[in-house]
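Novice: Dumping the structure here so I can ask a few things about it.
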Amino acid sequence: MPHALITGITGQDGLYLGELLINKGYEVFGLVRGQSNPKVAMVEKTLPGVQLLEGDLTDLPSLIGAVEIAQPDEVYNLGAISFVGLSWRQAELTGETTGIGVLRMLEAIRIVASDEMGGIRFYQASSSEMFGKVRETPQRETTPFHPRSPYGVAKTFGHYITVNYRESYGAHAVSGILFNHESPRRGVEFVTRKISRGVARIALGAQEKIALGNLEARRDWGFAGDYVDAMWRMLQRDTADDYVVATGETHSVRELLDTAFSHVGIDDWSPYIVQDPRFLRPAEVDVLVGDASKARDLLGWRPAVDFRTLVEMMVDADLTAVRSDLDREDATLRGDAAQRA
Ligand code: NAP
Ligand code: GDD
């Protein structure tokens, strides 16, 4: 039974990857930070049999301890401060976690496993945000980086230190340059989920408006479930390399609004959207669209879920969740009224 250690197991990708690896017969270990992380129960329910280990990407000894216990064949480094907007407000923490955290994880493996990192295969969650102010379109593995946020800068360090450990120590270290990927498990701070949840609440009468920033930004949005399969495929290759993972299509935030609102029968969404400068960024990434032909040719990877299906899946999941929240609130109110009567 191969062992896998996943940092960031409580996040969107950690959960999908954990499911994929358990289904493939792996023993899965997940790093969880904090002394009482509220997501532990949810992870244990979603990933039966997972073994959770205490650790933090800002604390090298805890990473060494996790590697010693897990004895991994594969390490997937998904942990990060991943919200670009937050990275300006907490730039130092982002650098420590999203950037230097990668170096700490690689060092932990090198310290425990020594020569050529003991053959432990390492996946780094790199990002299309590294392309930033894009130098060519579509972006591919050879496109130069021009990051536009502290997050993008930290990811660029993480990418190059991964390449450097491959070249310096012969580490089987892979960098997956993934474009935006979403799902019903996406955090509510990201624009897709903010919109799918807002649309569901508006359709059910629980919210009046959604406040957004730049509606013209364009992203290459895919489904997270498809993307974790690409991560696993990268580590199964005999040679470590870097791969772009993307759908090859780009859509604006406006098109996202069109698709989400039309799914609940609203054709004109303008009365429901307010533009709020708080959600504009000091420097924006205007357009991203990836060329995943290397992943297609060498990994046999292709996305299965298209943009419309993804958005509708997210709105449907939020309709179900919001309905059940509203039913619970109703039941509580009825219970209170019955007690007063
Ligand atoms: P996510 O849902 O925000 O999950 C981030 C994870 O990192 C969480 O499990 C979080 O733990 C953990 N984490 C944060 N700080 C940590 C620390 N100091 N030590 C250990 N763990 C820490 O992100 P995601 O969407 O799953 O993305 C996974 C990875 O892929 C991230 O590195 C992200 O930057 C990268 N990426 C994502 C996309 C995308 O579109 N989703 C695209 C390219 C690259 P808590 O739950 O305790 O906060
Ligand atoms: N979050 C957010 N909230 N974004 C908004 C809003 C809003 O109210 N209004 C407009 N946007 C725009 C942002 O300015 C950005 O151009 C776009 O929507 C997408 O924003 P996010 O969903 O926050 O994602 P991101 O592209 O910045 O970053 C995500 O993708 C990266 C890969 O390219 C994250 O998952 C990163 O971790 C990941 O690396």
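Only the coordinates and a few stated rules stand behind these numbers; no lab work does. Everything numeric here is computed off the predicted structure, so don't read it as measured data. When we count neighbours, we look across all protein chains shown, and the Cβ atoms used for this are built from the backbone with ideal geometry, even at glycine.
Novice: May I ask which residue of T247, L257, Q236 lies farthest towards the positive end of the charge dipole of segment 212-302, with charges of +1 (Lys, Arg) and -1 (Asp, Glu) on Cβ and the Cα centre as origin?
Specialist: After comparing all options, I get Q236.
Novice: With the chain treated as a Gaussian network of Cα nodes joined by springs under 10 Å, which of G55, G290, G25 yields the largest mean-square fluctuation?
Specialist: The residue that fluctuates most here is G25.
Novice: Give me the number: length gained by fully extending D336 to I266, i.e. 0.36 nm times residue separation minus the C-alpha to C-alpha distance, one decimal in nm. All intermediate terms of the calculation are to be shown ahead of the outcome.
Specialist: Numbers: separation 70, 0.36 × 70 = 25.20 nm, distance 3.50 nm.
The span from D336 to I266 would gain 21.7 nm if fully extended.
Novice: Enumerate the calculated ³J(HN,Hα) couplings along segment 184-194 in order (Karplus 6.51 cos²θ - 1.76 cosθ + 1.60, θ = phi - 60°), each rounded to whole Hz, writing x wherever the residue is Gly or Pro.
Specialist: x, 8, 4, x, 6, 7, 7, 5, 4, 6, 4
Novice: With axes computed from alpha carbons, what is the tilt in degrees of helix 253-263 against the longest principal axis of the chain, rounded to the nearest 10 within 0 to 90?
Specialist: Tilt relative to the chain: about 50 degrees.
Novice: Tell me the net charge near V285. Cut-off is 13 Å between Cβ atoms, V285 excluded, with +1 for each Lys or Arg and -1 for each Asp or Glu. Walk me through the numbers before you get to the answer.
Specialist: Working: positive: K133, R135, R148, K155, R218, R219, R281; negative: E129, E216, D220, E284, D286.
Cβ neighbours under 13 Å give a net charge of +2.
Novice: In square nanometres, what is the average projected area of the Cα convex hull of the chain?
Specialist: On the way: hull surface 75.4 nm².
Here the figure is 18.8 nm², rounded to one decimal.
Novice: For the chain, modelled as a GNM with alpha-carbon contacts under 10 angstrom, which of H251, H159, H181 fluctuates the most?
Specialist: Top of the fluctuation ranking is H251.
Novice: Something else about it: With angles folded into 0 to 90 degrees, how steeply does helix 150-169 sit against the dominant principal axis of the chain? Use alpha carbons for both and round to 10.
Specialist: That helix lies at roughly 20 degrees to the long axis.
Novice: Then there is this: For the chain, build the charge dipole from Cβ charges (+1 Lys, Arg; -1 Asp, Glu) around the Cα centre, then report which of M313, G119, A70 sits farthest towards its positive end.
Specialist: Ranked along the dipole, the leading option is M313.
Novice: Explain nothing, just the number: dipole magnitude of the chain about its Cα centre with +1 on each Lys and Arg Cβ and -1 on each Asp and Glu Cβ, in debye rounded to the nearest 20. Don't jump to the answer; show the numbers that get you there.
Specialist: Working: 36 positive and 48 negative charges, 91 e Å.
That gives a dipole near 440 debye.
Novice: Under the Karplus relation 6.51 cos²θ - 1.76 cosθ + 1.60, θ = phi - 60°, what is the ordered set of whole-Hz ³J(HN,Hα) values for segment 99-111, x standing for Gly and Pro?
Specialist: For segment 99-111, the Karplus-derived couplings read x, 5, x, 5, 4, 4, 5, 5, 5, 4, 5, 5, 5 Hz, x marking Gly and Pro.
Novice: Enumerate the amide H contacts of Q139 below 5 Å, restricted to partners 5 or more residues apart or on another chain; note that Pro and chain-start residues carry no placed amide H.
Specialist: V289, G290, D291
Novice: Shifting gears a bit: Beyond a 28 Å Cα-Cα separation, which of these cross-linked pairs lie in this structure: K155/K294; K24/K133; K24/K294; K24/K45; K194/K294; K133/K294?
Specialist: Numbers: K155/K294 21 Å; K24/K133 39 Å; K24/K294 24 Å; K24/K45 18 Å; K194/K294 32 Å; K133/K294 22 Å.
Table pairs above 28 Å Cα-Cα are K24/K133; K194/K294.
Novice: To continue, here is another question. So what's the angle, to the nearest 10 degrees on a 0 to 90 scale, between helix 60-70 and the longest Cα principal axis of the chain?
Specialist: Helix 60-70 sits roughly 80 degrees off the main axis of the chain.
Novice: Along the positive direction of the dipole of segment 190-341 (beta-carbon charges: Lys, Arg +1; Asp, Glu -1; about the Cα centre), which of A224, I266, A206 reaches farthest?
Specialist: Checked the options; the winner is A206.
Novice: Continuing with the same structure: Which value, in debye to the nearest 20, describes the size of the charge dipole of segment 187-341 about its Cα centre when Lys and Arg Cβ atoms bear +1, Asp and Glu Cβ atoms bear -1, and nothing else is charged?
Specialist: On the way: 20 positive and 28 negative charges, 75 e Å.
About 360 debye.
Novice: With contacts defined as alpha carbon pairs under 8 Å and 6 or more residues apart, what's the relative contact order of segment 5-131 in percent?
Specialist: Details: 176 pairs, mean separation 32.9, N = 127.
Once divided by the residue count of segment 5-131, the mean separation gives 26 percent.
Novice: Contour minus end-to-end for A321 and L298, with contour as 0.36 nm per residue of separation and end-to-end as the Cα-Cα distance? Before the final figure, lay out the partial values.
Specialist: Numbers: separation 23, 0.36 × 23 = 8.28 nm, distance 3.90 nm.
Extra length available between A321 and L298 comes to 4.4 nm.
Novice: Still on this structure, please answer the following. With a 10 Å cut-off between alpha carbons and a GNM built on the chain, which of T58, T156, T137 moves the most?
Specialist: In the Gaussian network model the winner is T137.
Novice: Let me ask you something else. Can you tell me, using C-alpha contacts under 8 Å and at least 6 residues apart, the relative contact order of the chain as a whole percent? Display every interim value, and only then the final one.
Specialist: Numbers: 662 pairs, mean separation 55.8, N = 341.
Computed value for the chain: 16 percent relative contact order.
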